[in-house]
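Working notes for the structure below.
Each value in this text was obtained by applying a stated rule to the coordinates, not by laboratory testing. Keep in mind that this is a model prediction, so the values were computed, not measured. All Cβ positions, even for glycine, are placed from backbone atoms using ideal geometry, and neighbour counts span all protein chains on display.
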Amino acid sequence: MKRFIVILAAVLAFAGCKSKTVVDTSVEGELDIDSFLGEWYEIARFDYSYERGMTKAKAIYAVRGDGVIEFLNTGIVHGEPKYAKGAIKLSDEPRRLRLSFWGPFYSDFRVFLLDKDYQWALVGGNSDKYLWIISRTPELTETARDTILNDASRRGFDIGKLVWVEQ
């Protein structure tokens, strides 16, 4: 009987394990930070609590007088404006930035795919948890949309989870 219980417990433990999705979060290529600065519209994103229900979402990247790169995320949630500010550090990999909302705590912000003219980008973190499609305009061309979705899918992201943002 003890042996049966041990085997049953092991089977239940393994059955309860969820395999982690593996995505390609590698970054390649250069990033001209001056060309990346400015206003970006959020076209689509993976759902997460801070932006849940947000419309008219934008991000603005700028260099302060002291040389620090800062960002301002804005949007509307239930008719009310919402915003968050933070700072960005550059890293040894040009397309892997370090982003912070809270003082000394930084997270990866990776530019996975970037239009050659800096008109749209696919960005995310170092896991399958966060993904954004951003653009200089409130809408993407069909060609740009297909290019971005194909790259996200190739990387292993579940593009069916994207929330398309009302602008």
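Per-structure values
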quantity	calculated
Loop-resident sites, segment 24-91, for chymotrypsin sites (Phe, Trp or Tyr not before Pro), counting at most 13 other Cβ within 10 Å (DSSP)	Tyr48
Whole-Hz ³J(HN,Hα) from phi, Karplus 6.51 cos²θ - 1.76 cosθ + 1.60, for segment 133-138, glycine and proline x	10, 10, 8, 6, 10, x
Rounded to the nearest 20 debye, dipole of segment 22-164 from Cβ charges on Lys, Arg, Asp, Glu	440
Segment 22-164: Cα Rg divided by the 2.2 N^0.38 Å rule of thumb	0.99
Using θ = phi - 60° and Karplus 6.51 cos²θ - 1.76 cosθ + 1.60, couplings along segment 97-105 (whole Hz; Gly, Pro as x)	9, 10, 10, 9, 9, 10, x, x, 9
Virtual spin-label span in nm between Asp24 and Lys116, 7 Å along Cα→Cβ	2.0
For the chain: relative contact order, % (alpha-carbon pairs under 8 angstrom, 6 or more apart)	26
Violating pairs (Cα-Cα greater than 22 angstrom) within the set Lys56/Lys161; Lys58/Lys85; Lys58/Lys89; Lys56/Lys85; Lys82/Lys116	Lys82/Lys116
